[in-house]
Amino acid sequence: MTRLTDLPDTIPLFPLPGALLLPRARLPLHIFEPRYLQMLDDALKTDTRLIGMIAPQSVPGRDEKALHRIGCAGRVTQMSETEDGRYMITLTGISRFRMVAEIDGFTPYRRARVSWDGFERDRDGAERDMAFDRKPFMRLLDRYFTSRELSADWQTLQEADDELLINSLSMLLDFNAEDKQALLEAPSLSTRRETLVTLLEYALRGGEEDVMQ
């Protein structure tokens, strides 16, 4: 369990469209831009090795640099270097955060003051979804995979615990950026599962509005 006192008030930000990191999940990343190589180098010099994953706001007419207010911080837990100086890293999700304010400074990457308040559950160990009925969920998932002509290791999916299954699907399935943000901001695992079901049903109906009724 990560305590609030272990988490810094300021973290580097990695705005990446379409990427989703959730607590205790793992996100592989390919780092090659000079500014993010510098960010990685600086993060590795800290005790926490945290990088804040956050999504740009994809709203027409808004500032292209605008970010969502809620992201998820991950700790660098694996890293390998390629021959041409790029890095393959893995972030393990620690906790969601709320961005308080961006910090102007001399780093080539973005940084922000953040608040961890309201996300205590992220740091309390794996969540359970007591209302999760796995059989109809797996049938729905099978229909979705079939409609997209996707393959899956069904035995692994069946054996995965609730949190691993729901969070992994939330991260891996090809939902749009705003849907990914809704999955990130879900206040509980149960709410995230309900959101995920809605998105799967919506996709199967071809985006018809009545799926939300």
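The set of residues in segment 101-117 that are part of a loop (DSSP other than H, G, I, E, B) and in contact with a Lys or Arg (Cβ under 7 Å, 6 or more places away or on another chain) comprises G105, P108, Y109. When P28, P17 are checked against the criterion of being outside any helix (DSSP H, G or I), loosely packed, with under 14 Cβ neighbours inside 10 Å and at pLDDT below 95, a single residue qualifies: P17. When segment 182-199 is filtered for residues that are among the hydroxyl-bearing types (S, T, Y) and touching a helix residue (DSSP H, G or I) at 6+ places or on another chain (Cβ under 6 Å), only T195 remains. When segment 175-196 is examined, which residues are found to be without any contact (Cβ under 8 Å) to a residue 12 or more places away in the chain and within 14 Å of L21 (Cα to Cα)? Residue satisfying the conditions is A186 alone. Only a single item in (1) out of contact with any Ser or Thr (no Cβ under 7 Å at 6 or more places or on another chain); (2) free of Cβ contacts under 8 Å to residues at least 60 places away in the same chain; (3) assigned to a strand (DSSP E or B) is not met by R98, and it is number (1). Is one or more of the residues making up segment 93-107 of a type in the set (A, V, I, L, M) and touching a Cys at 6+ places or on another chain (Cβ under 9 Å)? Yes, that holds for at least one residue.
Just one of the listed residues (R123, R111) is crowded, with 16+ Cβ neighbours inside 10 Å, modelled with pLDDT under 95 and in contact with a strand residue (DSSP E or B) (Cβ under 9 Å, 6 or more places away or on another chain), namely R123.
Confirm whether S170 is within 15 Å of A25 (Cα to Cα), part of a helix (DSSP H, G or I), hydroxyl-bearing (S, T, Y) and touching a residue at least 60 places away in the same chain (Cβ under 8 Å). For S170, the condition - within 15 Å of A25 (Cα to Cα), part of a helix (DSSP H, G or I), hydroxyl-bearing (S, T, Y) and touching a residue at least 60 places away in the same chain (Cβ under 8 Å) - is met. One residue stands out in segment 176-206 among those that are outside any helix (DSSP H, G or I) and among the small types (G, A, S): the one that is surrounded by the fewest Cβ atoms within 10 Å (Cβ to Cβ), namely G206. Does R75 satisfy being basic (K, R), within 28 Å of L157 (Cβ to Cβ), assigned by TED's automatic domain parsing to the domain that holds I166 and at pLDDT 95 or above? No; evaluated as a whole, the condition is false for this residue.
Only one of these is outside the structural domain of P187 (by TED's automatic domain parsing) and out of contact with any Phe, Trp or Tyr (no Cβ under 8 Å at 6 or more places or on another chain): F119, F106, F145. Name it. One residue alone meets the criteria, F106.
The values are calculated or read from the model by the stated rules, or taken from the named source; none is laboratory data. Bear in mind that the values here come from a model prediction, so they are computed numbers and not experimental data. Counting neighbours? That spans all protein chains shown, and the Cβs are built from the backbone with ideal geometry, glycine included.
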